[in-house]
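The values are calculated or read from the model by the stated rules, or taken from the named source; none is laboratory data. Source: prediction; values computed, not measured. Reconstructed Cβ throughout: ideal geometry from the backbone, glycine too, with neighbour counts over all protein chains shown. Keep in mind that these areas ignore ligands, DNA and RNA; they rest on the heavy atoms of the full protein, side chains included. Shrake-Rupley method; radii C 1.70, N 1.55, O 1.52, S 1.80 Å.
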Amino acid sequence: MIKNLLTHPLMRNRDLDDPMTTELRRQLIHQKKFLEQIYVDWYRLIQADIPQKTGQILEIGSGAGFLDQYLPELIKTEVFYLSNMDVILDAAFMPFSHEKITAVIMTDVFHHLSEPRRFLHEVVRILPVGGRMMMIEPWVTKWSSFIYPRFHHEPFNPKMESWEFPSTGPLSTSNQALPWIIFVRDREKFSREFPQLQIIHIQPMLPFRYLLSGGVSLRALMPYWSAPFWKWVEKKFEPVMDKWGMFALVVLEKAKI
């Protein structure tokens, strides 16, 4: 009952795999200034990690985002047709030449990939040495392990043994714990299977603000004017963010082996 009351009117009874849901989410992000500012902060973090190389910058699952406002040269992609996309593709079979993409960027997308190995092999193929993959994803901590299963509609299973899982649809398929599983829990396995992709850094973040913003599904729990205060609070949590972060910035770079 509480979750139903908190659901934003635009998202009530929406099919996650309907492209119109993503179109509405784009509208919702700009309406909810608290949430919009979180995306701005994410995009600035991503900008800071883009390698200084010539080449194309690719975003997987551009969907409801607006990263192109910060990176005008961005190639925007999605798995289904949307009005402002450049390319419609399956991330496991990308239509780009070998070593022609400088950076691959994702925001809240990796945990929806039911065949992450195929995607990672494609990333290795299209990136040159020194090219980077950057993602912002849900993360596994003590705090997020309490919050996600209780207040979020997507599955959260840190104990999932396999990296792959059945696909039910492009957005309804997910495991929010998948990035943590691959890049932390199974890091040794990842390094053996993908020695070209070196983990540069992982930065847990955002224990409170995204939750208070309501994200792309719920009503905002705090007014926009309170955002600077909550950002200040989160800064105080930086020394213990590995226990409190609900998201993380993950940066990988293709190395010569």
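Points worth noting:
- Within the accessible area of the chain (1.4 Å probe), percent carbon and sulfur: 57 percent
- Start at zero, step by 5 Å, and the Cα-Cα distances of the chain spread as 1, 6, 13, 18, 21, 18, 13, 7, 2, 0, 0 percent across the bins.
- Global form of the stretch 22-62, assessed from the alpha-carbon gyration tensor, a/c cut-off 1.5: oblate
- Listed residue pairs exceeding 27 Å between alpha carbons, taken from Lys76/Lys142; Lys189/Lys231; Lys159/Lys235; Lys53/Lys159; Lys53/Lys76: Lys76/Lys142; Lys189/Lys231; Lys159/Lys235; Lys53/Lys159
- Taking the charge dipole of the chain about its Cα centre, with +1 at Lys and Arg Cβ atoms and -1 at Asp and Glu Cβ atoms, the residue from Leu218, Asn13, Ile199 reaching farthest to the positive side is Leu218.
- Highest-fluctuation residue, Pro149, Pro138, Pro72 considered, GNM on the chain with Cα pairs under 10 Å: Pro72
- Sparse-neighbour loop sites [trypsin sites (Lys or Arg not before Pro); the stretch 43-121; at most 14 other C-beta within 10 Å; DSSP]: Lys53, Lys100
- Cross-link reach list, aspartates and glutamates versus Lys100, counting only Cα pairs under 20 Å and skipping chain neighbours closer than eight places: Asp49, Glu59, Asp68, Glu73, Glu78, Asp86, Asp90, Glu122, Glu253
- The residues neighbouring Phe96, those whose beta-carbon lies less than 13 Å from its own, together hold a net charge of -3 under the Lys/Arg +1, Asp/Glu -1 convention.
- In the elastic network of the chain, a GNM with C-alpha springs shorter than 10 Å, the most mobile of Val233, Val87, Val109 is Val233.
- Estimated dipole of the stretch 135-257 in Debye, rounded to 20 [Cβ of Lys and Arg +1, of Asp and Glu -1, Cα centre]: 320 debye
- Magnitude of the charge dipole for the chain, about its Cα centre and with charges confined to Cβ atoms of Lys, Arg (+1) and Asp, Glu (-1), is about 780 debye.
- Of Asn13, Asn175, Asn84, the one that fluctuates the most in a GNM where the chain has Cα springs shorter than 10 Å: Asn13
- Pairs of alpha carbons in the stretch 100-239 whose separation is greater than 26 Å (percent): 30 percent
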